[in-house]
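Chemist: Let me give you the structure first, and then I'll get to my questions.
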Amino acid sequence: MALLERKDMADVNNNINNNSSTGTEVSSNMTIYINNLNEKIKIDELKKALHAVFSQFGKILEILAFKTLKHKGQAWVVFEDVQSASNAMRQMQSFPFYDKPMRIQYAKTKSDIVAKADGTFVPREKRRRHEEKGKKKKDQHDTNQVGVGLTPAYGSAYGTTPPLSQIPYLGGVKSMVPEAPAPPNNILFIQNLPNETTTMMLQMLFQQYAGFKEVRMVETKPGIAFVEYGDEMQSTVAMHALQGFKLQQNSMLITYAKK
């Protein structure tokens, strides 16, 4: 499904207005509404990053984000079940996402894919007529659904290649696991990354820890990266905090880089 056409924006506007209100309690559901997102990030990159950080909580059915001015800084993530959405909201609340803390709550309206699955889907024309009547009865149950687009296909990983002296386990060794662990130092070696991982995604995760300097990816070797900190104490804190963090169901393996 492509992004909503202009004629369908009224449904999303209604969802935004509902989520902006603070007068009513929103019940738990499969869709979370996120705002306070960095408006400078391109939509495709934003959706990739959202999928990367939220897929650890469960299967994502679809992600919604728009380029229009009114919808900037906002997104909707639809999970397969309520528990996944609840865990995601609880654990990622105020998470520093592209230098801004995310604000997350349950969405007040369903996505089309969820409504079709539970039998409550209402075609858009009928839905609009129903909403016009609903304006006269504010306490009437809101049955409109938000139409959403499928997450676009991911692009390839990119980044700069670090000096050869910092790339461990070359020389024909196939295994990504070192023969002997490297001593603690300020550079971390990240393994088991999804091939679609980008430098921006990793920066978003690692820059929240003190001493962060840069992320270096190896363009010819997807699935690995290097993250540099000011000293080994700072790199150790980040390693323990993010060890096993899931990106698209892949648990990151973090060790000290060989020098």
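The values are calculated or read from the model by the stated rules, or taken from the named source; none is laboratory data. Not measured: the values here are computed from a predicted model. With ligands, DNA and RNA removed, areas are computed over all heavy atoms of the protein, side chains included. Shrake-Rupley method; radii C 1.70, N 1.55, O 1.52, S 1.80 Å.
Chemist: Please list the non-local residues whose amide H lies under 5 Å from the amide H of PHE97, H modeled 1.01 Å from N, same-chain partners needing a gap of 5 or more.
Modeler: Amide H neighbours of PHE97, under 5 Å, 5+ apart: MET102.
Chemist: May I pose another question? Amide H neighbours of TYR256 under 5 Å, at least 5 residues apart or on other chains, H built in the peptide plane: list them.
Modeler: ALA182, PHE189
Chemist: Additional query: State the percentage of accessible surface on the range 31-93 attributable to carbon and sulfur atoms; use a 1.4 Å probe and exclude ligands, DNA and RNA.
Modeler: Here carbon and sulfur together make up 47 percent of the probe-accessible area.
Chemist: Shifting gears a bit: Quick one: 3J(HN,Hα) in Hz for the range 214-231, Karplus 6.51/-1.76/1.60 with θ = phi - 60°, rounded, Gly and Pro as x.
Modeler: 6, 10, 10, 10, 9, 4, 7, 10, x, x, 10, 7, 10, 10, 9, 10, x, 8
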